[in-house]
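Contents: one structure, followed by commentary.
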Amino acid sequence: MKVITTLTRPGVAHPMTVCIDRLIGVFAELGFSVAQGPEIETEYYNFDALNIPADHPARDMWDTFWLKELAEDGSRRLLRTHTSPVQIRHMKEHDAPYKIIAPGKVYRHEATDATHEAQFYQIEGLWIARDVSLADLRGVLLHVFKKLLGEDADIRFRPTYFPFVEPGVEIDVKFRGKWLEVMGAGMVHPKVLENCGVDPKTHQGFAFGGGIDRLLMLLYNVPDVRMLYSGDPRFVENC
Amino acid sequence: MLYSKKILQTYIAEPLPKDEELVERISLYAFEVEGVEERGGDSVFDISVLPNRAHDCLSHRGMAREIATVLNVALTDAAQPYAALEASTDDALLSVTVDSPAACPRYSAVRIQGVKVGPSPAWLVESLAAIGQRSINNVVDATNYILNTLGQPLHAFDVSKMAGSHIHVRFANEGEKITLLSGDEVTLTSDALCIADGTSNALLGIAGIKGGTAAQVDVETTDIILESANFASSGIRKIARPYNLLTDAAKRFEQGLTPELAHEGLAACAKLILELAGGNVCAGVDVYPEPQSQKHITVSAEACNKVLGTQLSVEELESIVRRRGWKYEVTGNTLTIAVPKERLDLESEIDIIDDVGQLYGFGNIEARPQTVVGGEVAYPAANTIRAALMSLGFSEVYTYAFRNEGNVEVANPIASDKAFLRSTLVTGVTESLEKGLVYADEVCRTSAAYFEIDTVFLPEGERLALAFGARDTTKKQTLARGLMQQAQDALANLGVAVQGDTQVVEVLLDASWSETISTAPHFDTDEQRVFAPFSPYPSIIRDIALFAPSAGIEEEIAARIVSAAPELVRSVRLFDVFTKPDEARTSYAFRLVLQAFDRTLTEADAAAAMEPITLALTQAGYEIR
């Protein structure tokens, strides 16, 4: 039961705004700053620079929205399918070391249902320096998830494959006694570093990417992801 | 891919653990297991094999080898490589011409005469059924069985339906047609590599993808050519996808397969066909002009430790490499590994390190403690705008980027009315306002006031925009207009100039608003908000107004209402309070929203719900108006 005893009261922020702020705050504790990138991307930044060439089976791992109008140079444009292109942009525009997160909207050509939407939010992370390893990835994510989900939270790594990291891992997080898949991660592939003008012989590190929506739904007890973008006031006012 | 535990077991020397344990070991050290199903005494595992391991693990033998490595158990003889089939070459009986070795690195085949095509034995029918495959006849089933166990696609042609016994691997002529085994007729381009009858030039199949009806094996067949070949991945992918022919064979070739597997597949399949259908091998051919070379990769323990964050010694590295069954040489602190030919994914040192890490167990890598830094945090600058509007009572919405109009068009929309990226936030906010008015009482607001800050897509590019609006239930919209004026003033103070007298106003924000700054407020307080589900059924509003002797006791009165109120009361909101100057009493007005989750409420329900409330308030000494 909602009880309101003031004649006026402030409006509320959307839970996604709150979640993103929370993530920014927790990662800032470990020295991560925020980077951003455009939602309309080039095929190069979204795929090729990330070691996902056209005509390669790995391309099937992402269902892409393509735009009708080509870029000025005749290349294809798309809506970014992940926040990973921001890594590429950041590395090309700055010198190493890098310690950034990049929350942002991404798009996937998927049928929508209670747990799938065509637009959703991801958060990307990148830490490249002289000797950043998977042990650091574990340390960072353990700190972050304990802050977000409580001291009982735990994480585990499982082997997987993404063309832009090697080794690649799936990260599960233990929340309320259950293991849940939350993000993919791994050591940035030397080819990707080279594509960005970073020498893999002197620099290395990890990248991670995960959806924020599922985490939000867990924390806020939201049953259907489509509520987040419906604009229905009953959603945000009831949170 | 589906894997039968029974078939996997034939390759592994020790009994496999129980399903649950096996799933866990595979998931933590090798692949993601999507599910396990019990099927007539067998367990069928659905294991996700991603593109980097499609080369060697899209087969029961390949997966069994990986599982044996993970469990650290030995393999059976069945898992050992097959020796090449002994078959004499005889051009008169069987010959092959390959136009493009680049497109077809290897073409091996045997001719088997005197086969009797018929139904397959029960064990084969069951094995195929377990992994979701239909039985067709003994010859076709044999090729299917070898595809699923060794990972080598094979195809059988009926020689009596051919003009001779010469196979010509050539590209199709532009526009050339073929009727596939499925019955579909396909028109090909000159990109499509085909298997043709070298004598009549007729097409017998699309290479590595699907066979045609021309030389189809049926119950009359007695004389076959069994093909075991290798086709370049890009050529396969170019044809299989656009033609929607991603067959089991195509899936393997398009992800890359070692040509070294072809002779094993041929030997194993020929043997099986002879067993099931009789006959004898009268000729063989192997066109393999450039055999795959042996690759070597050097790895050091130091390099492994640097990436994984471990402290492996050279000896520990060696033991992991030995578990994988790789041949290697040690030079000081480095190992030079002879890369198994089926492992097309192992290209450089980092790939070896990944395999080492997997077997070591990524779960065994300890966390390196991180340093917590203090200092200011930079939050989104737009939060300043959010905070200003929220303090006036505007709440934030997020709406869809896909609309049925806009400047930027999507080539492959998910729906015809979602073919554009929005060029304005006004549509979305307007829809929220409309809903906000309908549900105002349910969300405990006097008026609807909403805003959105997000990307809009204009001809010149993406821009961050702000749209906000207010509406109230009165005709004159006085409350709403007041809110809009306050909002415009607040925004002007922040340097955001807003024009417009409409219900929803939009403004494009400067690039600086997209940045993060240390002076921006943030909304992640400690309080954990939880979503309260709302009912789809209509609500009933009941207002209750009363006089109380004192001012400032709204909370106390509300508490009494709450403790007397039944479940049906979803909210209690103070909407009016005044003390007349010359009176010693204060008037309080509360709005109650009654709603059920399972039905529409009736007047009787409302009356029944209000009774205990009015009773409690009267007993507390308040005068109900």
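The values are calculated or read from the model by the stated rules, or taken from the named source; none is laboratory data. Bear in mind the structure is a predicted one, so any value in this text is a computation, not a measurement. Every residue, glycine as well, gets a Cβ built from its backbone with ideal geometry; the counts of neighbours run over all protein chains shown. Calculation scope for accessible area: heavy atoms of the full protein, side chains included, ligands and nucleic acids excluded. Shrake-Rupley method; radii C 1.70, N 1.55, O 1.52, S 1.80 Å.
Annotations
- Burial of 20 Å² or greater, the range B:497-532 residues [accessible area, probe 1.4 Å, versus chain by itself]: B:SER514, B:THR516, B:PHE523, B:ASP524, B:GLN528, B:ARG529, B:VAL530, B:PHE531, B:ALA532
- Per residue, the Cα convex hull of the range B:493-625 amounts to 238 Å³.
- Only Lys, Arg (+1) and Asp, Glu (-1) charged, at Cβ; the protein assembly as shown dipole about Cα centre in debye: 980 debye
- Here the Debye sum runs over all C-alpha atoms of the range B:1-136 as equal scatterers in vacuum, and log10 of I(q)/I(0) at q = 0.14, 0.17 Å⁻¹ comes out as -0.83, -1.03.
- Stokes-Einstein diffusion of the range A:1-126 at 10 °C, 1.306 mPa s viscosity, Kirkwood radius from Cα pairs, rounded to a whole number: 94 µm²/s.
- Toward the positive end of the charge dipole of the range B:493-625, with +1 on the Cβ of Lys and Arg and -1 on the Cβ of Asp and Glu, the farthest Cα among B:ILE561, B:TRP513, B:PHE523 is that of B:ILE561.
- Solvent-accessible surface (1.4 angstrom probe) belonging to A:TRP62, in square angstrom, nearest 10: 20 Å²
- Phi-based couplings in Hz for the range B:236-247 (Karplus 6.51, -1.76, 1.60; Gly and Pro marked x): 5, 5, 5, 9, 4, 6, x, 8, 6, 10, 7, 6
- Computed Rg/Rh of the range B:104-241, alpha carbon atoms with Kirkwood Rh: 0.96
- For the range A:214-239 versus the range B:579-625, the inter-centroid distance based on Cα atoms is 31 Å.
- Largest-first ordering by accessible area, 1.4 Å probe, given options B:TYR3, B:TYR243: B:TYR243, B:TYR3
- Taking the three principal axes of the alpha carbon atoms in the range B:346-413, the coordinate ranges are 57, 46, 18 Å, sorted in descending order.
- A probe of 1.4 angstrom, applied to the heavy atoms of all protein chains, finds B:TRP123 with accessible area near 100 square angstrom.
- The convex hull built on the alpha-carbon positions of the range B:254-300 has an orientation-averaged projected area of 5.9 nm².
- Pairs beyond 19 Å (Cα-Cα), from B:LYS161/B:LYS210; B:LYS210/B:LYS271; A:LYS147/A:LYS174: B:LYS210/B:LYS271
- Values of log10 I(q)/I(0), in the order q = 0.05, 0.10 Å⁻¹, for the protein assembly as shown under a Debye, Cα-only, solvent-free model: -0.39, -1.14
- Diffusion coefficient (Stokes-Einstein, Kirkwood radius over C-alpha pairs, 37 °C, 0.692 mPa s) for the range A:107-179: 225 µm²/s, rounded to a whole number.
- Equivalent ellipsoid dimensions for the range A:66-206 as semi-axes, Å, which come from the Cα gyration tensor, largest first: 27, 23, 12
- Positive-end extreme of charge dipole, the range B:1-112 - chosen from B:VAL23, B:ALA79, B:SER43 (charges on Cβ): B:ALA79
- Interchain or long-range residues, amide H under 5 Å from B:ARG368's placed H: A:ASP136, A:ARG138, A:GLY139
- For the range A:57-135 and the range B:202-243, distance of Cα centres in Å: 39 Å
- By the rule of a C-alpha distance below 23 Å, with chain neighbours fewer than 8 residues away ignored, the lysines paired with B:LYS435 are A:LYS2, B:LYS418, B:LYS475, B:LYS476.
- Qualifying GluC sites (Glu not before Pro) in the range B:112-199, DSSP loop, other Cβ atoms within 10 Å at most 13: B:GLU174
- Electrostatic dipole magnitude of the range B:241-307 [Cβ: Lys, Arg +1; Asp, Glu -1; Cα centre; debye, to 20]: 240 debye
- Solvent exposure, largest accessible area first (probe 1.4 Å, DNA, RNA and ligands not counted), of B:GLU260, B:GLU431, A:GLU93: A:GLU93, B:GLU431, B:GLU260
- Relative contact order [Cα under 8 Å, 6+ residues apart], chain B, whole percent: 10 percent
- Amide hydrogen neighbours beyond the local backbone of B:THR97, cut-off 5 Å, H modeled: B:ILE167, B:HIS168, B:VAL169
- Shown for the protein assembly as shown: the carbon plus sulfur share of the solvent-accessible area, taken with all protein chains present and a 1.4 angstrom probe, equals 49%.
- Here the average projected area of the convex hull drawn through the C-alpha atoms of the range B:207-349 stands at 12.7 nm².
- Table column - 3J(HN,Hα) (Hz), the range B:124-141, Karplus curve with 6.51, -1.76, 1.60, x for Gly and Pro: 6, 4, 5, 4, 5, 4, 4, 9, x, 10, 8, 7, 10, 7, 4, 6, 5, 4
- The ratio of the alpha-carbon radius of gyration of the range B:274-314 to the globular-protein estimate 2.2 N^0.38 Å is 2.60.
- Candidates B:HIS296, B:GLY183, B:LEU433 compared by Cα position along the dipole of the protein assembly as shown: farthest toward the positive end lies B:LEU433, with charges placed on Cβ.
- Taking each of B:LYS251/B:LYS295; A:LYS146/B:LYS251; B:LYS116/B:LYS295 in turn, the alpha-carbon distance tops 32 angstrom for A:LYS146/B:LYS251; B:LYS116/B:LYS295.
- Of all lysines in the structure, those lying under 20 Å Cα to Cα from A:LYS201, and not within fewer than 8 positions of it along the same chain, are A:LYS92, A:LYS99, A:LYS191, B:LYS306.
- Only protein heavy atoms count here; on that basis, with a 1.4 Å probe, B:ARG463 has an accessible area of about 80 Å².
- Equivalent ellipsoid, chain B (semi-axes from 5 times Cα gyration tensor eigenvalues, Å): 71, 31, 28
- Computed magnitude of the charge dipole of the range B:296-372 (debye, nearest 20; Cβ of K, R +1, Cβ of D, E -1): 120 debye
- Averaging the Cα positions of each part gives two centres, and for the range B:129-201 and the range B:513-567 these lie 70 Å apart.
- Normalised radius of gyration (Cα atoms, divided by 2.2 N^0.38 Å) for the range B:173-290: 1.10.
- Solvent-accessible surface of protein heavy atoms, probed at 1.4 angstrom with all chains present, puts A:LYS99, B:LYS177 in the order B:LYS177, A:LYS99, largest first.
- Global dimensions of the range B:409-556 from alpha-carbon coordinates: Rg and Dmax equal 19.6, 68 Å.
- Each helix, a run of at least 4 DSSP H residues, gives -39500 (n - 2.57); summed and divided by the residues of chain B, these come to -8500 deg cm²/dmol at 222 nm.
- Whole-Å semi-axes of the range B:390-469's equivalent ellipsoid (Cα gyration tensor): 27, 15, 7
- Taking every Cα-Cα distance in chain A and sorting them into 5 Å bins from zero, the calculated P(r) comes out as 1, 6, 13, 17, 18, 17, 12, 8, 4, 2, 1, 1, 0 percent.
- Applying the Karplus relation 6.51 cos²θ - 1.76 cosθ + 1.60 with θ = phi - 60° to the range A:34-44 yields 3J(HN,Hα) values of 9, 10, 9, x, x, 7, 8, 10, 8, 4, 5 Hz, where x marks Gly and Pro.
- Normalised per residue, the accessible area of chain B is 44 Å², obtained with a 1.4 Å probe and no contribution from ligands, DNA or RNA.
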